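The values are calculated or read from the model by the stated rules, or taken from the named source; none is laboratory data. Computed from a predicted structure; not experimentally measured. Heads up, the Cβs are rebuilt from the backbone with ideal geometry, glycines too, and the neighbour counts pull from every protein chain shown.
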Amino acid sequence: MLKYLFFTLIIASQLLLGQFNPGLKANQGALEGGFGLTWIDDNPYYTVRLAPDVSFGKIGIGLDLRFEVAPDGNLRHENFNEFSDYLSIIRYFRYGVKNDPLYIKVGALDYATLGNGSIMYLYNNSPTFDARKIGAQLDIDFYNFGFESIYSNFGEKGIFGLRGYVLPLKFTDLGGIPIIGNLELGATFTTDFNSKAGVLSGKIDSVSKNFVSTQDEGSVNIIGFDIGLPIVRNSLVDWKLYFDYAKIMDYGSGTALGTTLALNGLGIFNLSAKLERRFNSDEYLPAYFNSMYELERFNFDKTSGVVTSKLALLKNATDIGNGFFGELFVSVLGYVDILGSYQRLDKHPTSGILHIASQIEPESLPFILRAGYDKINIEDEADLFTLDNRSYFFVETGYKPYPFLIVSLVYNWTFTPVRDADDNIMSFEPQKRIEPRISFYYPLQF
């Protein structure tokens, strides 16, 4: 049954982290609140949410305050058990949007990408409700040069990434030559400062009862270089060729040769596609910082004493072969959006990585339907449709009896942290959430 549900949701849904937002324009806002009964791993909790979202010109602010109360009247422990939980009430603050000359975002980082994505692609700093993080993105485009940057977590040490780029021929007489004059060169540096980023083994200390590492490689550092050449760039067509090189310091390297194509159908439809061929050495994983990285970085099984980590996967990545990566986005009349991407390496049997996001939210019709799906380490087609510790799944379907009222059912297959005696996260385990919800949505105009 899950297969049929999955294909239905591909046609009409969107990946969100639980907040209804019909798309705010400048000087608009929405005051959303709601309540419901949420089953978390078959345990009931009364849920109350307040999520105002406003936009003043290029400035946008969103809050997300959530209380989950058990039948005995106690607030669920994971709601406010660390400082970042209080910070994460600020869902986001932003100025501009991605690819504007100035773009600033502080808060939850949903699927951040640097450059063409060879090092960081669709990175998510908050893949779980119970360990939400506050990070930041800052991009500045000075027309002939600029940079894009990210920091993943202000609550503790996290990922820092910086990509600078320049159009060198724009500073010469060759800058006016069609095609070649728009040649772009870029350089990227990313590092994970988190204390668990390089841990390969460890144990529980007999006195403190906390985890102590016994083999730690330190921070993970990656450098990269890229070349981009726009072939056609106008209001209807944007076609570019690019080449990426990435090196994981002290480990392997890889390259990617790709192309992107975007078509603007004059408001009727928009389409963009990306296809690249990846060439990988041993001890190299393309898009190391991906949508599930926060879950993959470090896990410790107290029963077996075994550490599984992203770095361990990297060290075991031998003879993985080359591979293909593709991405497709389609938007029809602004009502239906579908985004999908998939990776497969030639010789690595569990190298599949899938991301799907889609939505249908027509303003003139009284229903919403949106969902999304992420899965890593996919072995074969049958493996696509199993929900496990490699999957994230979200779906919300709802009805609007009135423009200001939404009655919906939300299902989340997500994760919850497993902590040690000092409340440090040691691993993650799957969590199932089912939430019948009544939301009040009041539009604001400034």
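Which numbered condition trips up Asp72, out of (1) under 15 Å from the mean Cα position of the chain (by Cα); (2) free of Cβ contacts under 8 Å to residues at least 12 places away in the same chain?
(1)
So that you can scan it fast, the table gives a plain yes or no per residue for (1) crowded, with 17+ Cβ neighbours inside 10 Å; (2) hydroxyl-bearing (Ser, Thr, Tyr); (3) over 30 Å from Arg419 (Cα atoms):
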residue	(1), (2), (3)
Thr191	yes, yes, no
Val199	yes, no, no
Gly202	yes, no, no
Val212	no, no, no
Ile223	no, no, yes
Phe243	no, no, yes
Gly258	yes, no, yes
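Quick one: would you say Glu429 is of a type outside the set (S, T, N, Q), over 18 Å from the mean Cα position of the chain (by Cα), under 25 Å from Ala256 (Cβ atoms) and exposed (fewer than 13 other Cβ atoms within 10 Å of the Cβ)?
On the way: of a type outside the set (S, T, N, Q): yes; over 18 Å from the mean Cα position of the chain (by Cα): yes; under 25 Å from Ala256 (Cβ atoms): no; exposed (fewer than 13 other Cβ atoms within 10 Å of the Cβ): yes.
So Glu429 does not fit the description; no.
Residues that are of a type in the set (D, E, K, R) and surrounded by 21 or more Cβ atoms within 10 Å (Cβ to Cβ): does the stretch 405-424 have at least one? If you could, list the steps in order and put the result at the bottom.
Going residue by residue through the stretch 405-424, those that are of a type in the set (D, E, K, R) are 419-420, 422-423.
Filter once more, keeping what is surrounded by 21 or more Cβ atoms within 10 Å (Cβ to Cβ): none.
Looking through the stretch 405-424, none of the residues is of a type in the set (D, E, K, R) and surrounded by 21 or more Cβ atoms within 10 Å (Cβ to Cβ).
Can you tell me which residues in the stretch 369-415 are touching a Leu at 6+ places or on another chain (Cβ under 9 Å) and of a type in the set (A, V, I, L, M)?
Selection gives Leu369, Ala371, Ile376, Ile378, Leu384, Leu387, Val395.
When you check Gly398 against the structure, is it more than 20 Å from Gly326 (Cα to Cα), among the small types (Gly, Ala, Ser) and either out of contact with any strand residue (DSSP E or B) (no Cβ under 7 Å at 6 or more places or on another chain) or surrounded by 16 or more Cβ atoms within 10 Å (Cβ to Cβ) (or both), yes or no?
When the stated conditions are applied, Gly398 passes them.
Any residue that is more than 30 Å from Val307 (Cβ to Cβ), at pLDDT 90 or above and aliphatic (A, V, I, L, M) - is there at least one of those in the stretch 371-385?
No, because not a single residue in the stretch 371-385 is more than 30 Å from Val307 (Cβ to Cβ), at pLDDT 90 or above and aliphatic (A, V, I, L, M).
Here's the yes/no breakdown for (1) part of a loop (DSSP other than H, G, I, E, B); (2) within 25 Å of the chain's Cα centre (by Cα); (3) under 30 Å from Ser272 (Cβ atoms):
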| site | (1), (2), (3) |
| --- | --- |
| Ala187 | no, yes, yes |
| Thr190 | no, yes, yes |
| Val207 | yes, no, no |
| Gln215 | no, no, no |
| Ile223 | no, yes, yes |
| Asp226 | no, yes, yes |
| Pro230 | no, no, yes |
| Asp244 | no, yes, yes |
| Lys247 | no, yes, yes |
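Restricting the stretch 144-203 to residues that are touching a strand residue (DSSP E or B) at 6+ places or on another chain (Cβ under 7 Å) and charged (D, E, K, R), which is nearest to Asn424 (Cα to Cα)?
Across the stretch 144-203, the extreme among qualifying residues is Lys196.
Tell me which strands (runs of 3 or more DSSP E) are completely within the stretch 49-144 and hold 3 or more residues being in contact with a Ser or Thr (Cβ under 9 Å, 6 or more places away or on another chain) and farther than 21 Å from Glu296 by Cα, or say none if there are none.
Of the strands (runs of 3 or more DSSP E) lying wholly inside the stretch 49-144, those with at least 3 residues that are in contact with a Ser or Thr (Cβ under 9 Å, 6 or more places away or on another chain) and farther than 21 Å from Glu296 by Cα span 65-69, 135-141.
Return the total of residues in the stretch 235-283 being at pLDDT 95 or above, closer than 19 Å to Gly117 by Cβ and of a type outside the set (Ser, Thr, Tyr).
The total comes to 22.
Regarding Val307, is this residue touching a residue at least 24 places away in the same chain (Cβ under 8 Å) and under 22 Å from the mean Cα position of the chain (by Cα)?
For Val307, the condition - touching a residue at least 24 places away in the same chain (Cβ under 8 Å) and under 22 Å from the mean Cα position of the chain (by Cα) - is not met.
Filtering the stretch 340-368 down to residues that are in contact with a Leu (Cβ under 9 Å, 6 or more places away or on another chain) and free of Cβ contacts under 8 Å to residues at least 40 places away in the same chain, which residue is surrounded by the fewest Cβ atoms within 10 Å (Cβ to Cβ)?
Going through the qualifying residues, I end up with Pro362.
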